[in-house]
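Here's the structure we're looking at; comments come further down.
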Amino acid sequence: MLEGKFDEASLLKKIVESIKDCVKLCNFNCTEHGITVQAVDDSRVLLVSLLVGLSAFSEYRCDRDITLGIDLDSFSKIIKCGNNEDYLTLLAEDSPDNVMTIFEDKKKERVSEYSLKLMDIDSEFLRIDDMEYESVINMPSTEFSKIVRDLKNLSESLNITVTKDLVKFSAEGESGTGSVVLKPYTDMERPEESVSVNLENAVDLTFGLKYLNDIIRATALSSTITIKLADKTPALFEYKLDAGGYLRFYLAPKFDEDD
Amino acid sequence: MSKKDKKQQSLFDFPALKKHSSVASSYSLVIVIEDEDKVEQTDVKFERQDDSSVTCPVCSTKLGLISLDLRVRHVEQCLTGSHEQKPHSTEPESNSEKPKSPDISVKKPLGQVQVHRAKYVNSVSEARKKRRIVVSETAEDSTEKIRELLPSSKKYEIPELKVLRFYASPSQEYCVSVDAFNYKPHELIRQYFLSHFHSDHYGGITKRWSLERTIDSKIIYCSSITARLLTIRFNIDPKFIFDMENDKRYIVQCYTDGDIEHGGKLSEDTLPGLYVTLIDANHCPGAVIFLFESVPFRGEPTFYLHCGDFRINATMLNHPLLTQFHLNGSRKLAKVYLDTTYMNPSYNFPKQEQVCSSIANLVSDIVENKEMTKDSFGKSLQSRITQFLSSSAPRKKKKCLVLVGTYLIGKERIAMSILKQLGGCPIYVSNINSRGDKLDIVKAFQHEYLDSVLTDDPLGNSDHPVVVHLVPMKIVGTLKELTSYFNFNKYHDSFERCVGLRPTGWTFQNGSKDNSETPENTPESSVGPTQDTIQLLKTSQSFTSQDILRQNPYTAKKYAKFDPSTYRVLSLPYSEHLSFRELCYFVVFLRIGQVIPTVNTHNPESAKRMADIIASWEELRRQLSSNKNTDINAPALSLAVSLSDF
């Protein structure tokens, strides 16, 4: 039996909106520690890893591990039926055929219930070992989102180079080129506006902008993003959930064909 | 499913409104039978009174209880012998019933998204289809007992355009038809010619079709490939088909003795009768054009050429059987039934051979990763997350999956040219969206080279870096379809790239230099239509792989949701019909009495336009021939154009 109650529906709403475009179908794995999702997009370039920790719920109970196979398009339609401030409760039996979503208005006596049919979704579980990253960037998530949106108009690929104390995002296309350079910056008043670069080795990586564009849909989840890079390795883009947990994207880089 | 049991009520079902029955009659389609048992009424809304009296004419199953739509489908399936379930659409239903049986662990029904995705997945099992063929062969025995013609449901007479009339003498007429199967039986015609296996030509043929017209005589005349396809697809009994080899002359009717035994025979005679020779149409596999020769009791033979659908090339123009009709030849074609699909100056696409070699070169450049392809496909290649995180060792990927869009048959020539250029890479026939007989159909071509590279492994059974798939045209229609095919078959684990080829003459955009060839746009049009035509004939355009890339540019908007370094769709100006220029060659350089367009004839406007074009070409032909005969006229110098300019 799963029973997970969020204090505000908006958190789950944002999570579903963040990932529904890159993974249409995914398994929500519910355990006593919270809810996790691991899913790969159809073209197997982008991996989504989500953890909604216990602290994100106002009430949580899960006696046995339960897997909820969910069509995110349909789930998204249900989630949108609730108001942002509503309580949201997810309910499922052990080995369930469907999952209940219940919205409760905090002021008015209004309760709405939706049931979603579940599916069997086969997914291979990919083990993600703790990888050694050569450089780690922390920056405001809105800043990263703007860079991706701006450079997307120029090219299909984004190049990220990190050298000593400097991050350069650049794109090269038929019509021209563009680049954005960021240097470390500390804002004592608003720490979320700070940019930090920790560098062990310089890196130079290229990524498909189509996939980066999928990633920045999660911008609303967190005011900062952490980007971890290493040569010839998938990059990690992490949005921490204030309430407890994270949404991580692992993105496979593009290589020169001669490599 | 309980929600579906409730039927939509009509407003007129309610007593308050019932009095106005006169109003109701004008809504005859929404009248609902007043019945208590709603359960039974899921599909049937009308025609219930027919009930059990309606039976299938083939298998005698009672059809009274199912809707008209389903009845039609049932009978159609009986006739084509294809009483198998459609592989994908019905699967979810049968799955949903499974939970009742206790033997398997509870499986959830497939979600809509999953059903949709399954439609793109090539299935491995061919077993079910094989069984179907065996069953249908035994079913054939029952039809042999039929001793009288079955009634035909077809309503319309064969149009005159599809009837070819020959005269043994002024008073004795003999007629056959070409590509006319969708009409009611004709009292005079006993020989129905089929030019090729495309539905707009064979339309109307079913297993039953022959039985409505004959007891046991040869009635369908076609090439041997087309004959095999008729049997595979429609279970037509070979006893009704007279199949012929190309370039051989057959007598099919003797004017003195009537029918020939077994429908016809090879013959070099000149006795009065109707003779026919099949010439390869350079269209789809098995497609032919018919050269009819009618030898009357008295006088010279009459020649008709029925072109079906065809595309000429230099070889065909100089075919030994056609050279006798050249301008300097000894004979004349009384009538030519011409494939006028592209009888419009804007359809001036490059020669088929050029397109084939250009795309073959382009694919080979992609494989060899030449600079030119780097420019258009991007310098880098997208890696997959799974190759970093999977426990299994990453497999060496093949370079490229090439998808060639085909109709049921046709357009294979593009695939062939790529196969040959790449030194025999494997080719796989996709079975999605098909009745499961697509591979049998390709095998029926009995093409030696194709058979040698055909594989049943979609990933290719050799180390060759490229695999070609023949896929339904829809798959290469949009990037979305292409990526669905690639992703849902999980081909990203095996291939680095996927290039879809969409061959069609319609999509060709004329380059700027070609516009001068359209008479309306050129200032020289004052010189007269003849000069325009000569210019058209003399200008042979080139076409290279650069042109393909130029016509299919990368645009950020189009590829916003797709990865352009992995997925590409290329439209090719490839056609299996004559271009406008080729039509012109055909009409100008053959001695033709009457050109009869067979396509786009229903619209009076286009019919008039085509007639005008043909008239101007005939005028040029007259000038060219008089020039040759007399050799005096001075202005004729400007007419220096000949077949060798093709």
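The values are calculated or read from the model by the stated rules, or taken from the named source; none is laboratory data. The model shown is predicted, which means the values in this text are computed figures rather than measured ones. In this analysis, Cβ positions are derived from the backbone assuming ideal geometry, glycine residues included, and neighbour counts consider all displayed protein chains. When the accessible area is computed, the model is the full protein with side chains, heavy atoms only, and any ligands, DNA or RNA have been set aside. Shrake-Rupley method; radii C 1.70, N 1.55, O 1.52, S 1.80 Å.
Rounded to the nearest 500, what is chain A's calculated 222 nm mean residue ellipticity when only DSSP H runs of at least 4 contribute -39500 (n - 2.57) each, over all residues? Calculated mean residue ellipticity at 222 nm is -4000 deg cm²/dmol.
Other residues lying with their Cβ under 14 Å from the Cβ of B:SER177 contribute a combined charge of +1, Lys and Arg counting +1, Asp and Glu -1. For the cross-link pairs A:LYS228/B:LYS399; A:LYS77/A:LYS117; B:LYS399/B:LYS558, which exceed 20 Å when the distance is taken from alpha carbon to alpha carbon? With Cα atoms farther than 20 Å apart: A:LYS228/B:LYS399; B:LYS399/B:LYS558.
May I ask which of A:LYS5/B:LYS107; B:LYS396/B:LYS557; A:LYS164/B:LYS557; A:LYS107/B:LYS561; A:LYS232/B:LYS474 have a Cα-Cα span longer than 30 Å here? Where the Cα-Cα span goes over 30 Å, the pairs concerned are B:LYS396/B:LYS557; A:LYS164/B:LYS557; A:LYS107/B:LYS561; A:LYS232/B:LYS474.
Could you work out what % of the accessible surface of the stretch B:352-576 is carbon and sulfur, using a 1.4 angstrom probe and leaving DNA, RNA and ligands out of the count? Ligands and nucleic acids excluded, carbon and sulfur give 51 percent. Residues of the stretch A:85-125 that bury at least 40 Å² of accessible area when the other protein chains are present, relative to the chain alone (probe 1.4 Å, heavy atoms, ligands and nucleic acids excluded): A:MET119, A:ASP120. Compute the angle between helix A:141-152 and the longest alpha-carbon principal axis of chain A, please, reported from 0 to 90 degrees and rounded to the nearest 10. Result, in degrees: 60. Amide H contacts under 5 Å for B:VAL429: B:THR455, B:LEU470, restricted to partners 5 or more places along the chain or on a different chain, H placed in the peptide plane at 1.01 Å from N. Per-residue surface analysis assigns B:LYS184 an accessible area of about 70 Å², computed on protein heavy atoms at 1.4 Å probe radius.
Electrostatic tally near B:ALA560: other residues with Cβ closer than 13 Å to its Cβ, Lys and Arg +1, Asp and Glu -1, net +3. With respect to chain A, whose longest principal axis is taken over its alpha-carbon atoms, helix A:10-19 is tilted by about 50°. Annotation: B:PHE297 carries an accessible surface of approximately 90 Å², with a 1.4 Å probe and no ligand, DNA or RNA atoms counted. Burial of accessible area (probe 1.4 Å, heavy atoms of protein chains only) in the stretch A:219-255, relative to its chain alone, reaches at least 10 Å² for A:LYS232, A:PRO234, A:TYR250, A:ALA252, A:PRO253, A:LYS254, A:PHE255. Computed over neighbours whose Cβ is under 14 Å from that of B:CYS307, the net charge equals -3, Lys and Arg +1, Asp and Glu -1. Of the GluC sites (Glu not before Pro) in the stretch A:112-170, the ones in a loop by DSSP (not H, G, I, E or B) with at most 15 other beta carbons within 10 Å are A:GLU124, A:GLU132.
Residues of the stretch A:41-78 buried by at least 30 Å² of accessible area upon assembly of all protein chains, compared with the chain on its own (1.4 Å probe): A:ASP42, A:SER43, A:ARG44, A:VAL45.
To the nearest 100 Å², how much accessible surface do chains A and B cover up together, summed over both, with a 1.4 Å probe?
Details: alone 13740 and 33260 Å², together 43730 Å².
Its buried surface, counting both partners, is about 3300 Å².
Note on chain A: with charges restricted to the Cβ of Lys and Arg (+1) and Asp and Glu (-1), its dipole about the Cα centre is near 720 debye.
Amide H to amide H, with H built 1.01 Å from N, B:ILE260 comes under 5 Å of B:CYS254, counting only residues 5 or more places away or on other chains.
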